[in-house]
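Only the coordinates and a few stated rules stand behind these numbers; no lab work does. Note that the coordinates shown come from a computational prediction; the quantities given were computed from them, not determined experimentally. Cβ placement follows ideal geometry from the backbone for every residue including glycine, while neighbour counts extend to all protein chains displayed.
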């Protein structure tokens with residue numbers, strides 16, 4: 001009497017199928033298909049799981065599953081202690097390498113919180129160590145202004161306190177725009193930015209004012 005392995009192998013060869021092709025169609029790994037055909041059942045997991053393999057393989061090949069399972073039971077000691085299913089066996093053949101799970105989502109969320117916390121600490125450290133930066137966009141150095149007023153434009157750190165010629169100026173997201181009165185001649189504009197840790201940055205801009 002032919003063995004289970006011989007029946008399955010002969011049926012596959014008659015259909016001119018490769019083990020790789022059967023693997024893709026049935027999602028049974030090639031090494032387990034080969035173990036079935038070679039009757040090396042010790043390489044396979046528990047009895048119940050193996051019977052499922054045989055049934056799926058036989059159905060795919062168009063064989064009588066009841067007959068093949070009866071042949072298998074005569075070959076295989078049904079009282080054999082079930083083995084542990086190898087890791088990954090119960091997973092689909094095309095299972096992605098990395099899968100998003102609730103625990104991974106929580107882990108990612110925690111990492112994001114930690115990153116944001118240390119980013120905040122670093123920004124606080126910068127505020128403590130370094131004075132605010134002042135980027136003056138207008139007027140430019142030695143610019144000639146005709147008139148009695150000049151518009152001072154620029155930006156600094158959003159949380160800094162900014163003064164122009166000693167007068168505090170309100171900031172909008174770190175930007176400032178202030179019109180100041182000037183007299184003809186050489187005029188120096190003094191700009192100062194101070195953070196909450198009393199770190200100060202000062203900038204002077206000299207312009208020439210001419211009568212209109």
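How far is helix 65-75 tilted off the main Cα axis of the chain, in degrees rounded to 10, range 0 to 90? Roughly 80 degrees, rounded to the nearest 10. Ordering 6-13, 131-138, 17-24, 115-122 by mean Cβ neighbour count within 10 Å, with the highest value first, yields 6-13, 131-138, 17-24, 115-122. Between residue 112 and residue 20, the simple label model (points 7 Å from Cα in the Cβ direction) yields a spacing of 4.2 nm. Kindly express, to the nearest 10 degrees and within the range 0 to 90, the angle between helix 47-60's C-alpha long axis and the longest C-alpha principal axis of the chain. Once rounded, one gets 90 degrees. Annotation: for a label point projected 7 angstrom from Cα along Cα→Cβ of residue 13, residues of segment 33-71 with backbone N closer than 14 Å are 37-39.
I'd like the orientation of helix 102-129 relative to the chain: the angle between its Cα long axis and the longest Cα principal axis, in ° from 0 to 90, rounded to 10. Value to nearest ten degrees: 20.
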